[in-house]
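Chemist: Attaching a single structure in structure tokens format; questions to follow.
Read-outs: derived from the displayed coordinates by stated rules, not from any lab. Only a predicted model underlies this, so the values are computations on that prediction, with no experimental measurement involved. Counting neighbours? That spans all protein chains shown, and the Cβs are built from the backbone with ideal geometry, glycine included.
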Amino acid sequence: MTFSKAAIKSLQTAKKIAVLTGAGISAESGVPTFRDPDGLWAKFKPEELANFDAFMSNPQLVWEWYEHRREIVRSVQPNAGHLALAQLEKQSEQFTLITQNVDGLHHRAGSQNVLELHGNLMRSYCIDCRQRQDEVQLSKEHPFPLCSNCGGKVRPDIVWFGEMLPLGIFEDAENAARHCDLFLVIGTSAVVYPAAALPLYAKKSGAFVIEINAEPTEISHLVDESLLGLSGEILPLLLEASGF
Ligand code: OAD
């Protein structure tokens, strides 16, 4: 694969880099995406699983689904795309990795400055006293967890449909997008807001924006460079071509 001079120069000269990732970056690790033909939303209904009312009416079903996703994530490893971003961070003056993913694979790959916009699969908290309750054990007798502090229902620490993003995290992400020289948007269909607005803020603020995705997206025509293919293949090649 060859890259444009402008893309390589942007990587070589950027002092502040911000990155937005979506489910696509974890696809090569074996974590299902959401909107691909074999993605999660083709098999499951968001309204039955990923919102607060669904949880209150059937916490067992919701927990079974999240436990299934936790098992997948426990059994997989970060891929070359995650590792390339961790390497890029080490060699950058200022680097912010904003992710919509809840799988924790960026941290496991060694990334440090990670903003998790949609929460994390491995964390949970009590809906009543809001205490963190990460050590969730499910069993036949306890098909969904109750808080060890107050007995309230424990929920996954995931941003569900209709909920606000975690306080302050989106502000930090927006700040990084508006003040970077280079913005990479990787493996996201860019249809879920407010995350999908971040590359547009970066572009408006003068950053060079590179998209890496398996297929064209809603924002492909707005970015400076759209690289079509697998992020686990393109990212290492792009870094190598830029001398990292
Ligand atoms: P999507 O499933 O909507 O989009 C994944 C994108 O990654 C698609 O455009 C694929 O073409 C692309 N893709 C697949 N494999 C790839 C690969 N190996 N390399 C590069 N690109 C690849 O996932 P997101 O955009 O992350 O929200 O979805 C956004 C949010 O919608 C998720 O965070 C989730 C979901 O509802 C919550 O759970 C709150």
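Chemist: Counting only other residues whose beta carbon sits under 13 Å from that of LEU228, what net charge do I get with K and R as +1, D and E as -1?
Modeler: -4
Chemist: Sorted by average packing, counted as other Cβ atoms within 10 angstrom per residue and highest first, what order do 168-174, 60-66, 153-159 take?
Modeler: Answer by packing, highest mean first, reads 153-159, 60-66, 168-174.
Chemist: A further question follows. How far is helix 169-178 tilted off the main Cα axis of the chain, in degrees rounded to 10, range 0 to 90?
Modeler: 10 degrees
Chemist: To continue, here is another question. Could you rank the peptides 85-91, 185-191, 138-144, 195-201 by their average count of other C-beta atoms within 10 Å per residue, with the highest value first?
Modeler: My ranking of the peptides, most packed first, is 185-191, 195-201, 85-91, 138-144.
Chemist: Still on this structure, please answer the following. Given q = 0.28, 0.29, 0.30, 0.33 Å⁻¹, what are the Debye log10 I(q)/I(0) values for the stretch 199-244, with equal point scatterers placed on the Cα positions and solvent ignored?
Modeler: Per q value, in the given order, log10 I(q)/I(0) is -1.00, -1.03, -1.04, -1.10.
Chemist: Among the listed pairs LYS90/LYS204; LYS43/LYS140; LYS15/LYS203; LYS90/LYS203; LYS5/LYS90; LYS16/LYS203, which are separated by more than 20 Å between their Cα atoms?
Modeler: LYS90/LYS204; LYS43/LYS140; LYS90/LYS203; LYS5/LYS90
Chemist: OK, next. Amide H to amide H, which residues 5 or more places from SER124 or on other chains are under 5 Å from it, using H placed in the peptide plane?
Modeler: GLN133, ASP134, ASP157
Chemist: To continue, here is another question. Treating only the Cβ atoms of Lys and Arg (+1) and Asp and Glu (-1) as charged, compute the dipole magnitude of the chain about its Cα centre; round to the nearest 20 debye.
Modeler: Using only the charged Cβ atoms, the result is roughly 360 debye.
Chemist: Taking every DSSP beta bridge with both residues inside the chain, roughly what % is antiparallel (nearest 5)?
Modeler: If we restrict to bridges inside the chain, about 25 percent are antiparallel.
Chemist: Could you rank the peptides 107-115, 49-57 by their average count of other C-beta atoms within 10 Å per residue, with the highest value first?
Modeler: Going by the mean number of other Cβ atoms within 10 Å, highest first, we get 107-115, 49-57.
Chemist: Going by a ≥ b ≥ c, the root eigenvalues of the Cα gyration tensor, does the chain fall in the rounded group (a/c under 1.5), the prolate group (a/b larger than b/c) or the oblate group?
Modeler: Note, shape of the chain comes out prolate.
Chemist: Tally Lys and Arg at +1 and Asp and Glu at -1 over the other residues with C-beta under 14 Å from the C-beta of LEU83: what net charge comes out?
Modeler: -2
Chemist: Using unit Cβ charges (K, R positive; D, E negative) and no other charged atoms, how large, in debye to the nearest 20, is the dipole of the stretch 34-110 about its Cα centre?
Modeler: Approximately 200 debye in magnitude.
Chemist: All other residues with a Cβ under 12 Å from the Cβ of SER92 taken together, and with Lys, Arg as +1 and Asp, Glu as -1, what is their net charge?
Modeler: 0
Chemist: Run the numbers for ASP224 and ALA241: contour at 0.36 nm per residue of separation, minus the present Cα-Cα distance, in nm.
Modeler: Stretched fully, the ASP224-ALA241 segment lengthens by 4.3 nm.
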